[in-house]
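Worksheet: the structure to be examined is printed underneath.
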Amino acid sequence: MAIQTLTFIFVGVTFVLYIGIAIWARAGTTNDFYIAGGGVPPIANGMATAADWMSAASFISMAGIISFIGRDGAVYLMGWTGGYVLLALLLAPYLRKFGKYTVPDFIGDRYYSDFARLVAVVSVLFVSFTYVAGQMRGVGIVFSRFLEVEITTGVLIGMAIVFFYAVLGGMKGITYTQVAQYCVLIFAFLVPAVFISILMTGNPIPQLGFGSTLADNSNIYLLDKLDQLSMELGFTAYTVGNKSTIDMFFITAALMVGTAGLPHVIVRFFTVPKVRDARISAGYALVFIAILYTTAPALASFARVNLINTVNNAVYKETPSWFKNWENTNLIAWVDKNQDGKIQYSSGKAFSGKPQFLEVRGLEGERKISNLSTSNKNELYIDRDIMVLANPEIANLPNWVIALVAAGGLAAALSTAAGLLLVISTSISHDLLKKIFLKDITDKQELFFARVSAGFAIVIAGYFGIHPPGFVAQVVAFAFGLAASSFFPVIFMGIFSKSMNREGAISGMIIGLSFTASYIIYFKFMNPSANSIENWWFGISPEGIGTLGMLFNFIVAILVSRVTTAPPEKIKDMVDDIRIPRSGDAS
Amino acid sequence: MNNSHSPQAKTYWKENIRLVSFLLFLWFVVSFGMGILFVDVLDGFRFFGFKFGFWMAQQGSIFCFVIIIFIYVYKMNKLDQKYGVGEVQGRFAPDNKNFHNKGSKE
């Protein structure tokens, strides 16, 4: 069957499944809507957390990025998994014991201040909207490439599906659809990886194939071959790093701490019945995440070898159809600099900037671009995002595998989008309305507001998906930087330091946030041309600056709390109560 | 409420801190230590088809994270038992007291 028919079938079946689950798991109360009634079994919560966490970026982009930057890709691999250790050991069990609905709830109650709550709400909204825009874009890309519909139509379909199960089911609906989405996305990620691993190394387990010899009897290790190929084309060896050690250190730390501080991940731990369930479900979540995260670097290296072997010195006219398909979606471009009709691939950019396609075709039938060519030998532009999606085609896998990858990409994007939308709607209906502005509303009214704000948030997210702001890639650094420099320190100190008070927490959050935000805004938006290592503080890139912001947050908070009044006794009692699993009044 | 102020609760918390500090030390060594700071030194050793530092950075550290969390879960459950602060066993229902009464208690 044709790829497109198969994709329609796969995507259609999974969508029907998600809707069915939504109808089965409708929310009746705010308790259901915010935290699924607090009755999610830990293993299901682990899967839901994994799907919630692994976004379009993890599924579609990460292996592609690693494929192009080699060893330095470890910042994402370690950063986006190591955060779960912090979450499991330092935050999740205590927040579950606290037992309220949101991160601003904890910050507002622990620091006995609606102002602290408000600062937290604003950060939550900012972080979550940043993130959700990228997800909707991912949905659009998958639809437009595999189902050949307009990106706009794709985004609208995605919006309708998410609207249905998020608005109807709330956290309860989202949790169980995320469990299904996890199964779809991990299956879709593993199947091509296993196939390619067998083809290239003869070993069906990608994690082992990664370290095996090639299947062509040459007795050369895959990674050694890759180092050799990379150097022949003028790249640095794949297994050698380019980033400075201090930058690697700071970026990894910012991603880890940011992960632990992301509101849509934290809130998942409010949904399990008990403290011990919160602990173990963080463990399950990391196992489920690790399955993808240990496969991704293997896939990245396979894809890199395959790509180099397939395209370098290939005659353009004879390239396989995937090459031209992706060229037609603007994600591959080729300029025949030496006019030999063959693709020369080497280090350096083929031309400046992103390709600007013209309506005419060149001598070989390639799409002409208006960009100025550079003087190096490289003739090829490849968008990193296509590696995972194109990989099955590059490796000549059967059509159903390609269709499966499309369904997996959608599952990854939709599950994360739904989790984020829920956090946004909760922040508005619960933290802003119920806790600050409309304290008298009933549970029914609050639920109504939660649904309205979820619907409203979906419309905004969809708008960003159709008209993506050019800065989506840049703002990801922002989301993690802000989560690392604001939420993590105040939540951590709220649990581990009884003497931390309102004044300390608020000034820490504000200093951490404003320092991190101004550093990123300066280098990413105001003066992007200065964004290079010579101008960075201590050689720390904007991606890693959240770590420094976090340290400032800690220092300022501790200093300020020393010279201001200690928190009231009842807050100290509350902290004592959070620290032990059994309820205070010995039930 | 007395239960959470008891000297027993204090020792429980101290032991908890000791466990968490030790595990975080491991966490730091396998990721920042072996995957970043000493990666080039470890690259001098082979581990199957990998350079060891590269493997730690892209695979090994993740396996270690999983193990660290499971050690934590196991040890904490033991600790809860030892100090009798664990939750009532076998009750699989949301602890409604925790959700609704917090506010009124304060």
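The values are calculated or read from the model by the stated rules, or taken from the named source; none is laboratory data. What you see is a predicted model, and the numbers here were worked out from it, not measured in a lab. All Cβ positions, even for glycine, are placed from backbone atoms using ideal geometry, and neighbour counts span all protein chains on display.
Summary of values
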item	result
Single match in A:Thr259, A:Thr239, A:Thr245 (criterion: under 27 Å from the mean Cα position of the chain (by Cα), under 28 Å from A:Ile545 (Cβ atoms) and without any contact (Cβ under 8 Å) to a residue 12 or more places away in the chain)	A:Thr245
Pairs, first more than 21 Å from A:Ile205 (Cα to Cα) in region A:301-315, second among the aliphatic types (A, V, I, L, M) and in a helix (DSSP H, G or I), C-beta under 7 Å, six or more apart	A:Ile308/A:Leu229; A:Thr310/A:Ile394
Test: residue in region A:385-394 that is more than 20 Å from the chain's Cα centre (by Cα), surrounded by fewer than 21 Cβ atoms within 10 Å (Cβ to Cβ) and farther than 18 Å from A:Ala296 by Cβ	no
Members of region A:20-38 found to be within 19 Å of A:Tyr165 (Cβ to Cβ) and surrounded by 16 or more Cβ atoms within 10 Å (Cβ to Cβ), listed by number	A:Ile21, A:Ala22, A:Ala25, A:Ala27, A:Thr30, A:Asn31, A:Asp32, A:Phe33, A:Tyr34, A:Ile35, A:Ala36, A:Gly37
Evaluation of A:Ala120 against (1) assigned to a helix (DSSP H, G or I); (2) surrounded by fewer than 24 Cβ atoms within 10 Å (Cβ to Cβ) (one fails), failing number	(2)
Residue list for region A:397-428, restricted to those being under 18 Å from A:Phe126 (Cβ atoms) and of a type outside the set (Val, Ile, Thr)	A:Ala417, A:Gly419, A:Leu420, A:Leu421, A:Leu422, A:Ser425, A:Ser427
Flag for A:Pro489 being within 27 Å of A:Gly134 (Cβ to Cβ) and modelled with pLDDT under 85	no
Residue list for region A:532-587, filter: surrounded by fewer than 17 Cβ atoms within 10 Å (Cβ to Cβ), part of a loop (DSSP other than H, G, I, E, B) and within 34 Å of the chain's Cα centre (by Cα)	A:Ser532, A:Ile533, A:Glu534, A:Asn535
Test for A:Ser281: is it without any contact (Cβ under 8 Å) to a residue 40 or more places away in the chain, at the interface with chain B (Cβ under 10 Å from one of its Cβ atoms) and over 18 Å from A:Ile66 (Cα atoms)	no
Enumeration of residues in region A:34-75 that are within 12 Å of chain B (Cβ to nearest Cβ), touching a Leu at 6+ places or on another chain (Cβ under 7 Å) and within 30 Å of A:Met171 (Cα to Cα)	A:Ala63
Filtered residue count, region B:6-28, keeping only those that are in contact with a helix residue (DSSP H, G or I) (Cβ under 9 Å, 6 or more places away or on another chain) and either facing another protein chain (nearest Cβ under 7 Å) or over 23 Å from A:Pro581 (Cβ atoms) (or both)	8
Residue within region A:51-69 that is touching a His at 6+ places or on another chain (Cβ under 9 Å), modelled with pLDDT under 90 and farther than 29 Å from B:Ile69 by Cα present	no
Per-region count, region A:160-175, residues surrounded by 23 or more Cβ atoms within 10 Å (Cβ to Cβ) and not β-branched (Val, Ile, Thr)	7
Test: residue in region A:168-188 that is away from chain B (no Cβ under 14 Å), closer than 19 Å to A:Leu307 by Cβ and assigned to a helix (DSSP H, G or I)	no
Tally, over region B:33-49, of residues that are surrounded by fewer than 22 Cβ atoms within 10 Å (Cβ to Cβ) and either charged (D, E, K, R) or at the interface with chain A (Cβ under 8 Å from one of its Cβ atoms) (or both)	7
Those helices (runs of 4 or more DSSP H) lying entirely in region A:384-485 with at least 1 residues hydrophobic (A, V, I, L, M, F, W, C), in contact (Cβ under 8 Å) with a residue 12 or more places away in the chain and farther than 21 Å from A:Leu185 by Cβ	A:399-426, A:443-466, A:472-482
Failed criterion for A:Gly211 (all others in (1) closer than 12 Å to B:Phe50 by Cβ; (2) touching a residue at least 60 places away in the same chain (Cβ under 8 Å); (3) surrounded by 20 or more Cβ atoms within 10 Å (Cβ to Cβ) hold)	(2)
Tally, over region B:50-72, of residues that are closer than 16 Å to A:Ala88 by Cα, at the interface with chain A (Cβ under 9 Å from one of its Cβ atoms) and among the aliphatic types (A, V, I, L, M)	4
